[in-house]
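Structure first, then comments.
The values are calculated or read from the model by the stated rules, or taken from the named source; none is laboratory data. Since this is a predicted model, take the numbers as computed values, not measurements. All Cβ positions, glycine included, derive from the backbone under ideal geometry; neighbour counts span all protein chains shown.
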Amino acid sequence: MDLANQSQARNDLSIYDAAASNWWTGQTRWVRTLSKLVPARLAQFDRIIDWTDKDVLDLGCAGGFMAEALAKRGAVVTGIDPAEQAIDAARAHASQEDLTIRYDVGVGEALPYPANTFDAVVCVDVLEHVEDLERVIEESSRVLRPGGLFLFDTINRNPLAHLVVITFAEDWLRLLPKGTHDLERFIRPSELQAIFARHALAPGPITGLGPRWIDRQGDFVFGRLPFKGILYMGSATKAG
């Protein structure tokens with residue numbers, strides 16, 4: 001197998017549709033992990049933004065964990081993801097919960113929204129998977145209103161992140177489906193900040209994100225960490 005095929009095999013996004021039918025059941029461990037990341041992300045993002053009545057795009061929403069949490073905080077939420085079955089699961093669950101959330105099928109490289117539409121774009125567990133990172137940031141900036149926030153987390157690119165995220169979490173412990181991530185798509189903070197600068201986004205502080213303890217189900221409970229070498233999260237503000 002050549003390197004290009006290896007890289008493609010290590011960024012397997014079919015897992016999101018494959019897990020769609022169990023997205024909200026708690027039966028799939030790696031999907032539960034995604035749901036348990038939401039409180040840690042919000043604990044950080046809540047420090048930066050009051051969500052009430054804000055127009056928010058959840059970019060890469062999958063089955064809707066973050067989108068629903070934002071809607072419950074009073075945001076007017078749109079979610080978009082290329083995984084059609086995951087979007088179907090998100091729509092069905094939002095209806096069950098009597099939540100008004102718009103869900104669209106699409107990709108971050110070509111957002112189907114006018115310029116200056118959103119007060120915030122939330123992009124978690126996404127940037128390390130996209131085909132064209134520069135284009136995703138450009139599109140996110142385009143749809144943000146002046147002064148709007150781009151809120152994100154992603155994975156650093158270094159040998160330790162490779163060891164923890166791919167070798168341990170995927171290949172050995174199977175906490176994530178094997179093939180979920182590709183080291184070459186991981187992003188150093190300096191690289192991301194340089195892209196922000198090219199698209200009228202002023203980067204804010206970043207902080208680490210990672211497991212703090214283990215709950216009764218044997219799943220990690222996540223929170224902010226001072227160490228940014230593996231997972232990190234932060235924000236950038238569109239120029240006004």
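State which residue pairs qualify: first residue at positive phi and inside the range 169-184, second residue in a loop (DSSP other than H, G, I, E, B) and surrounded by 15 or more Cβ atoms within 10 Å (Cβ to Cβ) in any location, beta carbons under 6 Å apart, and separation of 6 or more residues or different chains.
Qualifying pairs under 6 Å: GLY179/ARG10; GLY179/ASP12.
Would a scan of the range 14-23 turn up a residue that is part of a strand (DSSP E or B), within 27 Å of LEU149 (Cα to Cα), touching a residue at least 60 places away in the same chain (Cβ under 8 Å) and touching a helix residue (DSSP H, G or I) at 6+ places or on another chain (Cβ under 8 Å)?
Here is the first cut: in the range 14-23, the ones part of a strand (DSSP E or B) are none.
Within the range 14-23 (the criterion being part of a strand (DSSP E or B), within 27 Å of LEU149 (Cα to Cα), touching a residue at least 60 places away in the same chain (Cβ under 8 Å) and touching a helix residue (DSSP H, G or I) at 6+ places or on another chain (Cβ under 8 Å)), the answer is no, since none of the residues qualifies.
Scan ALA236, ALA169 and give me the residue that is in contact with a Phe, Trp or Tyr (Cβ under 6 Å, 6 or more places away or on another chain), within 23 Å of ALA43 (Cβ to Cβ) and not polar (S, T, N, Q). First the steps, then the outcome.
On the way: ALA169 fails: in contact with a Phe, Trp or Tyr (Cβ under 6 Å, 6 or more places away or on another chain).
One residue alone meets the criteria, ALA236.
Can we say ALA43 is surrounded by fewer than 17 Cβ atoms within 10 Å (Cβ to Cβ), in contact with a strand residue (DSSP E or B) (Cβ under 8 Å, 6 or more places away or on another chain) and outside any loop (DSSP other than H, G, I, E, B)?
Details: surrounded by fewer than 17 Cβ atoms within 10 Å (Cβ to Cβ): yes; in contact with a strand residue (DSSP E or B) (Cβ under 8 Å, 6 or more places away or on another chain): yes; outside any loop (DSSP other than H, G, I, E, B): yes.
So ALA43 fits the description; yes.
Can you find, within the range 49-78, the residue that is surrounded by the fewest Cβ atoms within 10 Å (Cβ to Cβ) among those that are in contact with a Cys (Cβ under 7 Å, 6 or more places away or on another chain) and over 19 Å from LYS238 (Cα atoms)? Full working, then the answer.
Step one: of the range 49-78, the residues in contact with a Cys (Cβ under 7 Å, 6 or more places away or on another chain) are 59-60, 67.
Add one more test, that the residue is over 19 Å from LYS238 (Cα atoms), and what stays is 60, 67.
On the way: GLY60: 25, ALA67: 28.
Among those residues, the one meeting the criterion is GLY60.
What is the one condition in (1) closer than 28 Å to ARG47 by Cα; (2) crowded, with 16+ Cβ neighbours inside 10 Å; (3) under 18 Å from the mean Cα position of the chain (by Cα) that ARG185 does not satisfy?
(1)
Quick one: which of GLU138, GLU128, GLU170, GLU191 is in contact with a strand residue (DSSP E or B) (Cβ under 9 Å, 6 or more places away or on another chain) and of a type in the set (Asp, Glu)? Break it down into steps so the answer makes sense when it comes.
On the way: GLU138 fails: in contact with a strand residue (DSSP E or B) (Cβ under 9 Å, 6 or more places away or on another chain); GLU170 fails: in contact with a strand residue (DSSP E or B) (Cβ under 9 Å, 6 or more places away or on another chain); GLU191 fails: in contact with a strand residue (DSSP E or B) (Cβ under 9 Å, 6 or more places away or on another chain).
Residue meeting the stated conditions: GLU128.
Can you work out which of the residues in the range 194-211 that are within 22 Å of PRO159 (Cα to Cα) and in contact (Cβ under 8 Å) with a residue 24 or more places away in the chain is nearest to the chain's Cα centre (by Cα)? Working first, answer last.
The first filter runs over the range 194-211 and keeps only residues within 22 Å of PRO159 (Cα to Cα), leaving 194, 206-211.
Imposing the further condition that a residue be in contact (Cβ under 8 Å) with a residue 24 or more places away in the chain reduces the set to 206-209.
Working: ILE206: 15, THR207: 15, GLY208: 15, LEU209: 13 Å.
Once the filter is applied, the top-ranked residue is LEU209.
Out of GLU128, GLU139, GLU170, which single residue is surrounded by 15 or more Cβ atoms within 10 Å (Cβ to Cβ), acidic (Asp, Glu) and farther than 24 Å from ALA236 by Cα?
Working: GLU128 fails: farther than 24 Å from ALA236 by Cα; GLU139 fails: farther than 24 Å from ALA236 by Cα.
Going through GLU128, GLU139, GLU170 in turn, the sole match is GLU170.
Mind listing whichever residues of the range 86-107 are surrounded by 17 or more Cβ atoms within 10 Å (Cβ to Cβ) and either at pLDDT below 95 or polar (S, T, N, Q) (or both)? Reasoning before the result, please.
Of the range 86-107, the ones surrounded by 17 or more Cβ atoms within 10 Å (Cβ to Cβ) are 86-90, 93-94, 101, 103, 107.
Answer for the range 86-107, where residues must be surrounded by 17 or more Cβ atoms within 10 Å (Cβ to Cβ) and either at pLDDT below 95 or polar (S, T, N, Q) (or both): there is none.
Is it the case, given these coordinates, that TYR113 is of a type in the set (Ser, Thr, Tyr), at pLDDT 95 or above, in contact with a strand residue (DSSP E or B) (Cβ under 9 Å, 6 or more places away or on another chain) and closer than 17 Å to TRP24 by Cβ?
Numbers: of a type in the set (Ser, Thr, Tyr): yes; at pLDDT 95 or above: yes; in contact with a strand residue (DSSP E or B) (Cβ under 9 Å, 6 or more places away or on another chain): yes; closer than 17 Å to TRP24 by Cβ: no.
So TYR113 fails the test.
Any idea how many residues of the range 21-63 are over 17 Å from the mean Cα position of the chain (by Cα), among the charged types (D, E, K, R) and within 20 Å of PHE222 (Cβ to Cβ)?
Here the count works out to 2.
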